[in-house]
Amino acid sequence: MTKELKVRYYKPKSEFKLDINDIQNFVYDMSKCVKCKGCTWVEHTYMPGAKYTTRCPSATKYLFDSYGAYGKMRIGHALAEGVLSWNEKALEIMYACTLCGACDVGCKRNLDLEIGLTLEALIVKAVKDGVGPMPAHREMTEKIVKSHNCYNADNKKRKDWVDKDAAPSEKADILYYVGCNASYVNKEIAKATAKIFKASNDNYMLMQDEWCCGNKIFSVGMIDEAKAIAERNISEVRKTGAKMLITSCAEGYRMWKVDYPKLLDISTEGLGFRVLHLMEYADQKIKDGSLKLKKPFDTRVAYHDSCSVSRLSDPWQPYEGKRGWMGCVEPRLNRRRGTEGLYSEPREILGSIPGLELVEMPRARENSFCCGAGRGTEEAFPEFSSWAADQRLEEVKDSGAETLVSACPWCKNNFSRAIDAQGEKVQVLDIAEVICAAIEG
C-alpha cells in the first residue's frame, strides 16, 4: 500500500543483525544518537542529588565528550563510513571504557539504540583492522592462551583450593565453574561456595580441566580467540551431563549466559544447561528451606551491583530482521534493557541474615557505578580503574556502611586495593563469604 500511494514517509526496509562481527549492523544506532547524554546521567527520577548524578565512568573521568558513548558513536560512525581512519587517540578512547552497560540501559529509556553492542562491535573492528587491542591487552591475552588462566599460573593447580570437608563429587547435576580469580587469588570465595552447596545438601562437580572463560579476551575484541574458548568450554560441560552450571564470578556468569551464546549465534536456552550465579541458587535454597542462615552477622552492609550480574546479564537471543521507517523493526525485537539482572536476589539473601543491616548506596541497581576492574580496564588503564573504585567508595562512606559486599571477585580485588590505598576501615567481602558466615552451625 505504501508503495502504491507513494507516501513520502515510506522508506525501503534494510536488513540487519545483532552481530558484533560487522560494524555495519550498527551504523543506524550510531547515526541516530542525538547526544542527549541519557547514557551518562542517572535518569532524573532516580537521581539521588547533586553529588552522584552520573553513571558512565569514562565520561565522568575524562570529561571530554569523545569519551562518552555519544562521542564514541560519532567516532564510530565516521570509522564505519570511511570518513575517519584509526589513530592512537581514537584507539585509546574506544578502549578507555569498562563496557559496564550503563550507557546501554540509559539509552533504552529513550531511543532504543543498541549502544552496548555497538561499542563491542567497534572494539572488534579495531582488532580486525589490525590496530587493537592495546599493548597491555596483548600481554594479558598471551598469558591466557598459553596457560588457560589470567595469571600464567600452572593450570593443574586450579583445584588447590578444595577442602576435604566440602570436596566435589565425581558426578553431579551441578557443575561449579570456579573461574580464574577464585581458583588462584580469592580462594576463600571458592571454599565458601563449596560449603554452601554442602549446607544445602547438594553435590557438585568440577570440570576435569577448567579453562579461563575468556572474558578479557572477548572484551578487548579478540572475537575469534574468544569463540574458540567458548566452543571448547561448552563442549566440555556438555560432556559432563551437568544440568546446571553455577559460578560465583560475575564476569564468568555474563560470559556463559550472554556472550558465549552471542559468539555462537545461539540463544541462552540453546546452551543445553542452565547458567546460574551462586546468588540465584542460594536465594532459591533459602526460600525452599534447604539453606538456613541463622548465625548472626552483625554489620551494616552496602551491596554493590556488579555490572555483569545486573544490567549486563539479560539472556541472549539472536536476532535478524529488517528496519524501516522511524527505525521500526520486524519481526519484533525484545531488547535487552538490563531489567532481568540479579537485583532482588542479593538483597533478599542479605536481608534474611540475622544482625545484618542492609543500606543502599545513592546509585544502585541499574544505575550502579562500575568499580572499574572488569573487561580489560585495569590492565590497560590502571589509574582509571583505581579512580572508579575510589568514586564508588565515596558512596559507601556516605551510606554509613561498615562492610562492602559484591558478587564478583574482580570487584573485591579492586575495592580492596582502593581501601588499602586510602587507609579506610571498610571491610570488603564477597556475598559467598557472607552467606557462608551465616550458615547455621
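The values are calculated or read from the model by the stated rules, or taken from the named source; none is laboratory data. From a predicted model like this one, the values you see are computed outputs, not experimental measurements. FYI the Cβ positions are ideal-geometry reconstructions off the backbone, even for glycines, and counts take in every protein chain you see.
Residue by residue through region 62-109, note down the ones that are of a type in the set (Lys, Arg) and surrounded by 20 or more Cβ atoms within 10 Å (Cβ to Cβ).
Hits for region 62-109 are Lys72, Lys108.
Go through (1) closer than 18 Å to Glu366 by Cα; (2) assigned to a loop (DSSP other than H, G, I, E, B); (3) among the aliphatic types (A, V, I, L, M) and name the single condition Met279 misses.
Exception for Met279: condition (2).
Scanning for something outside any loop (DSSP other than H, G, I, E, B), touching a Gly at 6+ places or on another chain (Cβ under 8 Å) and either basic (Lys, Arg) or in contact (Cβ under 8 Å) with a residue 12 or more places away in the chain (or both), does region 32-49 turn up at least one residue?
For region 32-49, residues outside any loop (DSSP other than H, G, I, E, B), touching a Gly at 6+ places or on another chain (Cβ under 8 Å) and either basic (Lys, Arg) or in contact (Cβ under 8 Å) with a residue 12 or more places away in the chain (or both): present.
Return the total of residues in region 404-428 being surrounded by 23 or more Cβ atoms within 10 Å (Cβ to Cβ) and in contact with a strand residue (DSSP E or B) (Cβ under 6 Å, 6 or more places away or on another chain).
Counting residues in region 404-428 that are surrounded by 23 or more Cβ atoms within 10 Å (Cβ to Cβ) and in contact with a strand residue (DSSP E or B) (Cβ under 6 Å, 6 or more places away or on another chain) gives 5.
Residue by residue through region 286-309, note down the ones that are surrounded by fewer than 21 Cβ atoms within 10 Å (Cβ to Cβ) and not in a loop (DSSP other than H, G, I, E, B).
Of everything in region 286-309, those that are surrounded by fewer than 21 Cβ atoms within 10 Å (Cβ to Cβ) and not in a loop (DSSP other than H, G, I, E, B) turn out to be Ile286, Lys287, Thr299, Arg300.
Of all residues being hydrophobic (A, V, I, L, M, F, W, C) and surrounded by 13 or more Cβ atoms within 10 Å (Cβ to Cβ) in region 310-340, which is nearest to the chain's Cα centre (by Cα)? Just the residue, please.
Leu312
What's the number of the only condition in (1) in a loop (DSSP other than H, G, I, E, B); (2) touching a Gly at 6+ places or on another chain (Cβ under 8 Å) that Met255 fails to meet?
Just one mismatch for Met255, condition (1).
Please verify whether region 264-274 includes one or more residues that are in contact (Cβ under 8 Å) with a residue 40 or more places away in the chain, in a helix (DSSP H, G or I) and either of a type in the set (A, V, I, L, M) or surrounded by 20 or more Cβ atoms within 10 Å (Cβ to Cβ) (or both).
For region 264-274, residues in contact (Cβ under 8 Å) with a residue 40 or more places away in the chain, in a helix (DSSP H, G or I) and either of a type in the set (A, V, I, L, M) or surrounded by 20 or more Cβ atoms within 10 Å (Cβ to Cβ) (or both): absent.
Which residue, of Ala250, Ala228, Ala242, is in the same structural domain as Leu206 (by TED's automatic domain parsing) and either surrounded by fewer than 20 Cβ atoms within 10 Å (Cβ to Cβ) or on the phi > 0 side of the Ramachandran plot (or both)?
Ala228
Might you let me know whether region 221-243 holds any residue that is assigned to a loop (DSSP other than H, G, I, E, B) and touching a helix residue (DSSP H, G or I) at 6+ places or on another chain (Cβ under 8 Å)?
Checked against the condition, which is being assigned to a loop (DSSP other than H, G, I, E, B) and touching a helix residue (DSSP H, G or I) at 6+ places or on another chain (Cβ under 8 Å), region 221-243 yields at least one hit.
Which one is surrounded by the fewest Cβ atoms within 10 Å (Cβ to Cβ), of the residues in region 119-163 that are over 26 Å from Ala182 (Cβ atoms) and among the charged types (D, E, K, R)?
Among those residues, the one meeting the criterion is Asp129.
Of the numbered conditions (1) closer than 26 Å to Val178 by Cα; (2) buried (at least 22 other Cβ atoms within 10 Å of the Cβ); (3) in contact with a strand residue (DSSP E or B) (Cβ under 7 Å, 6 or more places away or on another chain), Ala401 satisfies every one except a single condition; which is it?
The failed condition is (1).
Write out, first by first residue and then by second, each pair whose Cβ atoms fall under 8 Å of each other, whose residues are 6+ apart or on separate chains, and whose first residue, in region 345-370, is within 11 Å of Tyr303 (Cβ to Cβ) while the second is of a type in the set (S, T, N, Q) and surrounded by fewer than 21 Cβ atoms within 10 Å (Cβ to Cβ).
Within 8 Å, the pairs are Leu356/Thr299; Val359/Ser399; Glu360/Ser399; Met361/Ser399.
Would you be able to tell me the number of residues in region 358-383 that are over 24 Å from Cys213 (Cα atoms) and assigned to a helix (DSSP H, G or I)?
4
Output the residues belonging to region 362-377 that are of a type in the set (Gly, Ala, Ser) and under 23 Å from Lys216 (Cα atoms).
If the condition is that a residue be of a type in the set (Gly, Ala, Ser) and under 23 Å from Lys216 (Cα atoms), then Ser368, Gly372, Ala373, Gly374, Gly376 are the ones that fit.
Could you tell me how many of the residues in region 157-205 are of a type in the set (Phe, Trp, Tyr) and farther than 16 Å from Cys249 by Cα?
Total meeting the criteria: 1.
How many residues does region 384-433 contain that are under 24 Å from Phe297 (Cβ atoms) and outside any helix (DSSP H, G or I)?
Total meeting the criteria: 16.
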